[in-house]
Amino acid sequence: LMTSQMLPTTNSAVKEPAGRLLERIASGSDPTQICWSSSELLSRLHEDQISLPTDCVEILMVAMQNIAGPGAIEGAPTWKPPVRGRPLHANRVLGGGPSLAAAFQPFSLEVLEASSSLLLLLHSLLLRKFEDIQLLRQHLLEAESGKPSSFWFFLRILATETGMQGASAFVHCCQVLALVADAQEDVARALRAARVLQIVSDRLLGSLDDSGPESLGPEWLPFATAAVRLTEVLVSVEDSECLRLADPSLYVPAWAHAARPDRVIESVVQSLRRSLIHERGFLVAQALHLSGLEVLRFIATTSRPQAQRMLSMQVPELAVSVLMHEGSHEEVLVRGLQLLNALAPGSPFGGKAIAAAGAADAAVKAAKRYPRSMEVQQESLKILQTCDSLTARLRQLTSR
């Protein structure tokens, strides 16, 4: 999209100061300038040829506000703002909220291209300085009346369906949000309240349709990996609400009630099935498999009805395929075994389902591959005990 004719010409011997480049980014008025300036700063950052101001991330947040907020390039979403200073996650009902507005006001391809470069620069800066991650977390949690935060920016990128051409902006957006929300209960709750789980799951399901407008072809794997990783962060973060119960294990988060996680499970299962069964083009287990198995395990542990649904969707077969793959390392074996152990008590027929999928043979193979791994040995033993007890009951029934 950003051709060489669109980009400004500069003399390689005289480079523009970093402050000038940041000013161009902060203006948020020209996608071409934002794209070029962000790429130039990122290039210098990787070559260690630049010393950025300490408030660089704050400047980028201003740019994100200018891109998606009032006076934005393509118009800002209109919604009724919350009470001044009130955290976004405290607004339980987002009637006319930012996520609703963002879903119906997508970005153009030019803005997505510029946003992709901006997010890539932001992600690199966040990895260098922990204080900047904290700053962005606080910024995302505040939605002041009359002055929206960069929350709109992230939501509009996630909700813009453009297929292959805008996939990079979605990937970088998911990476930044996953980094910011990792192990942060407040941030994860805010993102779930803004329907990020549903938006990401819908985008992932759309990308699985090879004949649809969201088809990505060879670009699908990084797209799916980023989406499932963000999903893992949002569903697996600890919820302090469970401490209000006498038995915290009985607590079911609001997002996991009834049929709410249906789309999440469907998108993750279909993604794993495509990667593990249909494509089978990997030598070692990938980040997509790790995150996908963890999402399914956590939901199966949290919601028994959803565990039963996973059994009907043949999730045990997916877990066994991971365990039997020669390229599966210790961490993915542990997660696959944990998923099988979480599915077994989810239904009266759970033990039978995992046994029929070949869980016993997979557990034995995993235990032989890593004889010194305590986690692999413990999880394998649980599966073998489940299968052995099932076999013993069948023998009792047949002997009568």
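Table for the structure above
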| read-out | value |
| --- | --- |
| Candidate aspartates and glutamates - alpha carbon under 19 Å from K382, same-chain residues fewer than 8 apart omitted | E294, E317, E330, E331, D361 |
| Summed residue charge, Cβ within 10 Å of A188's Cβ, Lys/Arg positive, Asp/Glu negative | -3 |
| For L21, net neighbour charge (Lys/Arg +1, Asp/Glu -1) across residues whose Cβ lies under 11 Å away | +1 |
| Overall form of the stretch 270-359 per C-alpha gyration tensor (a/c, 1.5; a/b vs b/c) | prolate |
| Size descriptor, Kirkwood hydrodynamic radius, that averages inverse alpha-carbon separations across the stretch 236-285, Å | 13.6 |
| Cα shape, the stretch 197-295, gyration tensor, a/c 1.5 rule | prolate |
| Cβ crowding within 10 Å averaged over residues, with 158-165, 262-269 ranked highest first | 262-269, 158-165 |
| Reachable aspartates and glutamates, given that their alpha-carbon falls under 17 Å from the alpha-carbon of K15 and they are not under 8 places away in the same chain | E23, E40, E47, D48 |
| Net charge of Cβ neighbours under 14 Å - reference L276; Lys, Arg +1; Asp, Glu -1 | +1 |
| Solvent-accessible surface ranking, highest first, for S51, S27 at 1.4 angstrom | S51, S27 |
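The values are calculated or read from the model by the stated rules, or taken from the named source; none is laboratory data. No experiment lies behind these values; they were computed from the predicted model shown. Cβ sites come from the backbone with ideal geometry, for glycine too, and all protein chains shown count toward neighbours. Side chains are part of the model used for accessible areas, which takes the heavy atoms of the whole protein and leaves out ligands, DNA and RNA. Shrake-Rupley method; radii C 1.70, N 1.55, O 1.52, S 1.80 Å.
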